[in-house]
Amino acid sequence: MRATRGHGAGAGNVAAPAPRAQDVVGAPVLPPAAATRAVTGMRGWLARMRRGLAPPPVQILESALAGLEPTVLRVLCHLDVPDRLASGPIALDTLADELDVDRERLRRVARYAHVHGWLRLDRRRSLRATRVTRFLQRDHPGGWRAWVDLATAQETNAATAALPEALSADGDAFAAGNGQAFFPWMLAHPEAHATFDAAMAAGARMHGLLLARSLEWSSSQRVCDIGGGDGTLLGVLVAVHPHLHGAVLELPEVAARMPPREKVTAVAGDAFQAVPKGHDTYLLVNVLHDWDDRAATVLLQRAAEAAAGDPGDGGPARVVVVDTEARSGPSDDISLRADLLMLALTPGGRERCADEFVALARAAGLRHQRTHRLGSGDLALVLEPDPSSRRR
Ligand SMILES: C[S@@+](CC[C@H](N)C(=O)[O-])C[C@H]1O[C@@H](n2cnc3c(N)ncnc32)[C@H](O)[C@@H]1O
């Protein structure tokens with residue numbers, strides 16, 4: 001029988017943060033949500049000021065040439081420059097000779113990278129690492145380098161090039177550019193899928209830690225992560241709260257290659273068909289934004305059915321939805337970019353604001369308990385089965 005569940009946010013019940021954030025995400029602290037919000041707002045304002053100070057032709061040229069940014073980042077990573085700077089500064093000419101590339105051409109790339117903060121190039125033509133360089137190193141715990149691979153992959157470029165296709169109501173830019181919708185295409189291309197999983201795992205490490213600290217877990221025992229990728233998030237969660245056991249519900253191909261993790265099991269299935277019962281917490285992390293409202297409601301319905309449980313098995317479970325928080329107006333932040341990425345990669349996926357999630361949840365028979373704003377800028381909505389909707 002499942003434990004009786006009370007899922008208040010009581011700070012006194014939050015377990016000690018072990019392992020340390022430094023080991024999980026490569027940063028000593030995760031900022032509080034209010035700080036993230038304030039800094040994001042300030043950065044957006046400064047970016048508008050910066051743009052506004054340029055005459056329109058310069059603004060157009062800067063935007064038209066912005067595509068060079070990910071390309072240069074990819075070149076740096078492919079030349080392994082971040083790792084070569086790991087042991088200390090290195091003379092640009094020495095690096096050029098080691099890489100067997102032209103010194104002056106490398107200097108031009110390094111100058112561009114310096115302006116973007118990806119490394120530092122000083123007057124004596126010496127290169128050194130910045131905070132960002134360290135996050136791009138292969139062995140950085142955060143794993144964000146995978147996003148450079150994903151964002152600059154051929155299939156992503158093909159999807160973004162086909163973005164006009166996504167503007168019709170049922171358009172799918174990824175399918176138009178690659179011949180198949182995103183998830184089926186990924187399943188047919190295991191190498192690309194591994195890159196996708198690695199990029200997802202970077203966010204999952206951070207979300208695992210944030211959820212471990214923001215939600216109350218002392219009355220939980222069994223957690224199911226619906227569409228939980230390679231199990232990274234649950235791995236972090238059970239490491240911080242060792243009394244928990246986790247199950248990752250994933251597509252059979254993804255479940256089959258999930259790396260073994262202590263106290264985390266892989267469950268092969270289709271979340272649109274059924275979600276396994278018997279858990280006290282169901283997570284949907286960065287999953288709903290892959291789908292249009294109709295499909296997202298079906299996923300929430302399946303989660304609600306599982307969370308309602310069977311009579312006598314310990315009461316309803318909670319459903320926790322984590323996704324980027326969209327702003328109602330335009331705002332120069334990650335959610336704006338993520339929303340466009342969803343437009344390019346998915347058939348109808350989008351970022352949503354808190355009210356939109358609550359409306360979807362209601363349509364799926366879930367009632368909203370509370371919303372946590374996470375230091376990552378994401379929302380964590382805690383939902384529970386609505387008994388009145390089951391009677392309807
Ligand atoms: C955007 S990823 C998010 C992964 C993970 N939750 C995270 O935040 O890192 C969406 C995940 O949903 C999984 N998925 C897609 N369709 C699914 C389905 N029908 N049933 C179960 N999982 C599915 C994908 O394989 C993928 O791992």
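Side notes on the structure shown:
- Count of residues meeting criterion [touching a residue at least 24 places away in the same chain (Cβ under 8 Å) and among the small types (Gly, Ala, Ser)] in the range 77-109: 3
- Residue within the range 298-313 that is farther than 29 Å from LEU345 by Cα, more than 14 Å from the ligand (Cβ to nearest atom), assigned to a strand (DSSP E or B) and touching a strand residue (DSSP E or B) at 6+ places or on another chain (Cβ under 8 Å) present: no
- Residues that are among the acidic types (Asp, Glu) and away from the ligand (no atom under 13 Å from the Cβ) were ranked within the range 188-216; the one that is nearest to VAL382 (Cα to Cα) is GLU216.
- The C-beta contact set for the range 264-277 (first residue without any contact (Cβ under 8 Å) to a residue 40 or more places away in the chain, second residue acidic (Asp, Glu) and near the ligand (Cβ under 9 Å from one of its atoms), distance under 7 angstrom, 6+ apart or interchain) comprises ALA266/GLU250; ALA268/GLU250.
- Helices (runs of 4 or more DSSP H) contained in the range 87-166 and holding at least 3 residues crowded, with 18+ Cβ neighbours inside 10 Å: 92-99, 103-116, 145-151, 154-161
- The range 232-252: number of residues that are within 17 Å of ALA201 (Cα to Cα) and either part of a strand (DSSP E or B) or within 14 Å of the ligand (Cβ to nearest atom) (or both): 12
- Some residue of the range 217-231 being assigned by TED's automatic domain parsing to the domain that holds MET342, more than 10 Å from the ligand (Cβ to nearest atom) and closer than 18 Å to PRO141 by Cβ: no
- Extreme residue, farthest from PRO316 (Cα to Cα), among residues of the range 262-285 that are of a type in the set (Asp, Glu) and more than 9 Å from the ligand (Cβ to nearest atom): GLU262
- Residue pairs meeting the criteria (Cβ under 8 Å; at least 6 apart or on separate chains; first farther than 19 Å from PRO330 by Cα, in the range 29-47; second of a type in the set (D, E, K, R) and part of a helix (DSSP H, G or I)): LEU30/ARG213
- Residue match in the range 352-362 (condition: within 30 Å of GLY177 (Cα to Cα) and either within 15 Å of the ligand (Cβ to nearest atom) or assigned to a strand (DSSP E or B) (or both)): yes
The values are calculated or read from the model by the stated rules, or taken from the named source; none is laboratory data. These numbers come from a predicted model, not from an experiment. Ideal geometry is used to build each Cβ from the backbone, glycine not excepted, and the neighbour counts take in all protein chains shown.
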